[in-house]
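A.B. asks: First the structure, which I've put down as structure tokens, then a few questions once you've had a look.
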Amino acid sequence: MSSVVSEHLCKRFGDLEVLQDINLTIQDGEFVALVGPSGCGKTTFLRTVAGLESADEGGIFLNGKRVSGPDRDRGFVFQNDSLLPWRNVFDNTVVGLELAGRMSPDERARVTRLLELVGLAGFEKYFPRQLSGGMRQRVNLARALAIDPKVLLMDEPFSALDAQTREIMQTELQRVWEEGRKTVLFVTHQIDEAVFLADRVLVFARRPGRLLEDIKIDLPRPRTMMTKRQPEFVALVDRIWRLIEKDVRESVLVEHV
Amino acid sequence: MSTAPSIAQPRNSSVLAPSGEVTKQPSSPSGPRKPARAKLRPYQISLLSVVSGLLMWQFLSDVVIANPLFLASPLEVVRAVITLAETGELWRHVGASALEFALGYSIAALLGIGIGLLIATNDFAKNWLQPWISGFYATPTIALGPLFILWLGIGVWSKVVVVVLLVVFAVIINTEAGIRSTSERYLEMMRSFGATPRQLFVKVSLPSAAPFILAGLKLGIGRGLIGVVVAELFGSRLGLGRMIGASADSFNMPELFAAVSILAASGIAMNSGFSYLEKRLVPWTKD
Ligand SMILES: Nc1ncnc2c1ncn2[C@@H]1O[C@H](COP(=O)(O)OP(=O)(O)OP(=O)(O)O)[C@@H](O)[C@H]1O
Ligand SMILES: [Mg+2]
């Protein structure tokens, strides 16, 4: 059974062709990372899977059903955490369940365990302004997991974090994922982050945004900090970097003109 | 990972949590512990300011402008307040003004929030009402006071209308601005969780507009007090404005200043009440 399928997906914003004929299949329980130069349409692709954007041609299919809008079978983890400042950690985490009218004592207990899982036990009553960036992203993640989605969509969730926190969050995410084995689509700019986390890395190219290469990552799990020093790891990062180097240079130049 | 809430730290200080993450600690109620040197708390500074202002006033009226027809000293004002309170006259004036203010302010608050929410969510209503709102807000409607007395008599309701007119537009404008400034990020996040338009409004727009609405209501206090006094000056039998008018006519400075001081005190009291409410209801806006 396949989980997420993109079939001839095209997306335009006015005259700008952002996504051109994206065809791919993501298996159930697979962790897939998306990398590519800035502006190649990674966010747009993720938002289309989430149902926040509609396809111009083709479409996204979830277990064979066409995606027509946002639903609680997909959980979105936002780049900016978008925590509601008037809700504490617990109330922010249950917001999806609340919207669905699923607020039983059982669910509450499950959310408490979930907050434990992401390392936030004891912080339930804290407000977003009292948390560090890393903790806020943990809430962001827990909030998406709380609705128990089939697919987790993550758009550069760690990009606002400092380097050390980021490394820790990568290991943490891997651990959380091992517990539930959800299908994950993870957008990142950092190639080593993609290789470290993913079963597969999809490399996008820009102008127009399209799938350039689909690279299988066969490194054994669980991966640790040591994994990042292994020659296989380094070789993979190198290979991906060479794929997008030219594009990245162009996009940087374009953005600075 | 074993981060746990740790002991109270000074506001905004950063500590390295066990995980290596930089953790911002919530402020402790006792505030930062500064080294010895005595430092005045904010309210102490304000208190000191008021006391020195009163002393200055006393000095001015005793020494510089020692003319009871022009200025009453704070002590004379206190005496006047006590006398008026004993005869019961004060309470009748205060009661009348308080009633007018309470009625006008409550009506304006309900109406203002209602209309504000309406025009923030309905474009037809917005376009229909906007010219009137802008027009009335910019017009010194208080000048219409005599007209309302003509129409409604010199009783309570002519004053209530003036208060409503002065307060309501500030509330409308703030409420609308609050709803419209709702962060698209939050709305989008809630949409991704399948929120309905109604849920978006109740769970995102309303809470994020709350600080604005409170600010509008707070702004309305001063405007409402002005409305009461000026409307009463135009014509009334009772009220603090009436008291001010009458004592000015008879050069009774202590009574005039007594009325003004009571107005000032109630304005300050209501404002601090609102500041307290803001801290309780919308703590996330204060940092
Ligand atoms: N709502 C929109 N309206 C118009 N153009 C848009 C919109 N959203 C995105 N775009 C354009 O589509 C292109 C792809 O944007 P997208 O955000 O998907 O890129 P990205 O790969 O996520 O980039 P980054 O890595 O910088 O986040 C960009 O050129 C962007 O300007
Ligand atoms: Mg993006």
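The values are calculated or read from the model by the stated rules, or taken from the named source; none is laboratory data. Predicted model only: the values in this text are computed from it and were never measured. Here the Cβ positions follow ideal geometry from the backbone for every residue, glycine too, while neighbour counts run over all protein chains shown.
A.B. asks: Do we have any residue at all in region B:171-182 that's closer than 24 Å to A:THR48 by Cβ, within 14 Å of chain A (Cβ to nearest Cβ) and of a type in the set (Gly, Ala, Ser)? So that I can check it myself, show each step before the final result.
C.D. replies: Going residue by residue through region B:171-182, those that are closer than 24 Å to A:THR48 by Cβ are none.
No, there is no match, as no residue in region B:171-182 is closer than 24 Å to A:THR48 by Cβ, within 14 Å of chain A (Cβ to nearest Cβ) and of a type in the set (Gly, Ala, Ser).
For (1) buried (at least 23 other Cβ atoms within 10 Å of the Cβ); (2) modelled with pLDDT under 90; (3) assigned by TED's automatic domain parsing to the domain that holds B:THR139, each residue gets a yes or a no:
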site	(1), (2), (3)
B:LEU214	no, no, yes
B:GLY220	yes, no, yes
B:ARG223	no, no, yes
B:VAL230	no, no, yes
B:GLY235	no, yes, yes
B:GLY239	yes, no, yes
B:ASP249	no, no, yes
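A.B. asks: Would you check if A:LEU219 is under 15 Å from A:GLN170 (Cβ atoms) and either more than 16 Å from ligand 2 (Cβ to nearest atom) or within 14 Å of chain B (Cβ to nearest Cβ) (or both)?
C.D. replies: In short, yes.
A.B. asks: Mind checking which residues of region A:29-49 are more than 12 Å from ligand 1 (Cβ to nearest atom) and within 14 Å of A:VAL201 (Cα to Cα)?
C.D. replies: A:GLU30, A:PHE31, A:VAL32, A:ALA33
A.B. asks: Out of everything in region A:52-65 that is outside any strand (DSSP E or B) and within 15 Å of ligand 1 (Cβ to nearest atom), what residue ends up being modelled with the lowest pLDDT?
C.D. replies: Applying the filter and picking the extreme gives A:ALA55.
A.B. asks: Within region A:43-79, track down each residue that is more than 16 Å from ligand 2 (Cβ to nearest atom), crowded, with 16+ Cβ neighbours inside 10 Å and in contact (Cβ under 8 Å) with a residue 40 or more places away in the chain.
C.D. replies: Those that are more than 16 Å from ligand 2 (Cβ to nearest atom), crowded, with 16+ Cβ neighbours inside 10 Å and in contact (Cβ under 8 Å) with a residue 40 or more places away in the chain: A:ALA55, A:GLY58, A:GLY59, A:ILE60, A:PHE61, A:LEU62, A:ARG72, A:ASP73, A:ARG74, A:GLY75.
A.B. asks: Provide a single number: the residues in region B:154-207 that are among the aliphatic types (A, V, I, L, M) and under 22 Å from A:LEU145 (Cα atoms). Quick ask: steps written out before the conclusion?
C.D. replies: Step one: filter region B:154-207 for residues among the aliphatic types (A, V, I, L, M), giving B:154, B:156, B:160-168, B:170-173, B:177, B:179, B:187, B:189-190, B:195, B:200, B:202, B:204, B:206.
Right, trim to under 22 Å from A:LEU145 (Cα atoms) and you get B:187, B:189-190, B:195, B:200, B:204.
Residues in region B:154-207 being among the aliphatic types (A, V, I, L, M) and under 22 Å from A:LEU145 (Cα atoms): 6 in total.
A.B. asks: So B:LEU165 fits all but one of (1) of a type outside the set (Ser, Thr, Tyr); (2) farther than 21 Å from B:GLY216 by Cβ; (3) away from every other protein chain (no Cβ under 14 Å); what number is the exception?
C.D. replies: (2)
A.B. asks: Which residue is farthest from ligand 1 (Cβ to nearest atom), if the candidates are limited to region A:173-209 and must be charged (D, E, K, R) and buried (at least 19 other Cβ atoms within 10 Å of the Cβ)?
C.D. replies: Filtering region A:173-209 down to residues charged (D, E, K, R) leaves A:175, A:178-179, A:181-182, A:192-193, A:199-200, A:206-207.
Now restrict to residues that are buried (at least 19 other Cβ atoms within 10 Å of the Cβ): A:182, A:193, A:206.
Values: A:LYS182: 22, A:GLU193: 13, A:ARG206: 8 Å.
Once the filter is applied, the top-ranked residue is A:LYS182.
A.B. asks: I need the full set of residues from region A:6-42 which are more than 11 Å from ligand 2 (Cβ to nearest atom), surrounded by fewer than 20 Cβ atoms within 10 Å (Cβ to Cβ) and of a type outside the set (D, E, K, R), in order please.
C.D. replies: Of everything in region A:6-42, those that are more than 11 Å from ligand 2 (Cβ to nearest atom), surrounded by fewer than 20 Cβ atoms within 10 Å (Cβ to Cβ) and of a type outside the set (D, E, K, R) turn out to be A:HIS8, A:CYS10, A:PHE13, A:GLY14, A:LEU16, A:GLN20, A:ASN23, A:LEU24, A:THR25, A:GLN27, A:GLY29.
A.B. asks: Collect the residues in region A:66-75 that are in a strand (DSSP E or B) and closer than 12 Å to B:GLY194 by Cβ, keeping them in residue-number order. Even if it seems obvious, please write down each step before you answer.
C.D. replies: Within region A:66-75, the first condition is being in a strand (DSSP E or B), and the residues that meet it are A:66, A:74-75.
Residues satisfying the conditions are A:ARG74, A:GLY75.
A.B. asks: Right, next: Among the residues that make up region A:164-174, is at least one of them within 16 Å of ligand 2 (Cβ to nearest atom) and either of a type in the set (Phe, Trp, Tyr) or over 22 Å from A:ILE60 (Cβ atoms) (or both)?
C.D. replies: no
A.B. asks: Same structure again: Which of the residues that make up region B:102-141 are among the β-branched types (Val, Ile, Thr), surrounded by fewer than 18 Cβ atoms within 10 Å (Cβ to Cβ) and closer than 29 Å to B:LEU233 by Cβ?
C.D. replies: Hits for region B:102-141 are B:ILE107, B:THR139.
A.B. asks: Which one of these does A:GLU178 not meet: (1) touching a residue at least 40 places away in the same chain (Cβ under 8 Å); (2) within 15 Å of the chain's Cα centre (by Cα)?
C.D. replies: It fails just one condition, (2).
Results for (1) within 14 Å of chain A (Cβ to nearest Cβ); (2) farther than 30 Å from A:ASN88 by Cβ, shown as yes or no for each residue.
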| position | (1), (2) |
| --- | --- |
| B:PHE193 | yes, no |
| B:SER208 | yes, no |
| B:PRO211 | yes, no |
| B:ILE221 | no, yes |
| B:GLU232 | no, yes |
| B:ARG237 | no, yes |
| B:PHE257 | no, yes |
| B:VAL260 | no, yes |
| B:TYR276 | no, no |
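A.B. asks: Return the residues of region A:9-19 that are at pLDDT 85 or above and more than 10 Å from ligand 1 (Cβ to nearest atom); say none if nothing qualifies.
C.D. replies: Correct list: A:CYS10 only.
A.B. asks: The conditions are (1) modelled with pLDDT of 85 or more; (2) more than 30 Å from B:LEU206 (Cβ to Cβ); (3) part of a loop (DSSP other than H, G, I, E, B); (4) in contact with a helix residue (DSSP H, G or I) (Cβ under 7 Å, 6 or more places away or on another chain), and A:GLY39 fails exactly one of them. Which is it?
C.D. replies: (1)
A.B. asks: Taking the options A:ASP162, A:ASP155, name whichever one is within 16 Å of ligand 1 (Cβ to nearest atom), in contact (Cβ under 8 Å) with a residue 12 or more places away in the chain and within 12 Å of chain B (Cβ to nearest Cβ).
C.D. replies: Within the list A:ASP162, A:ASP155, the selection yields A:ASP155.
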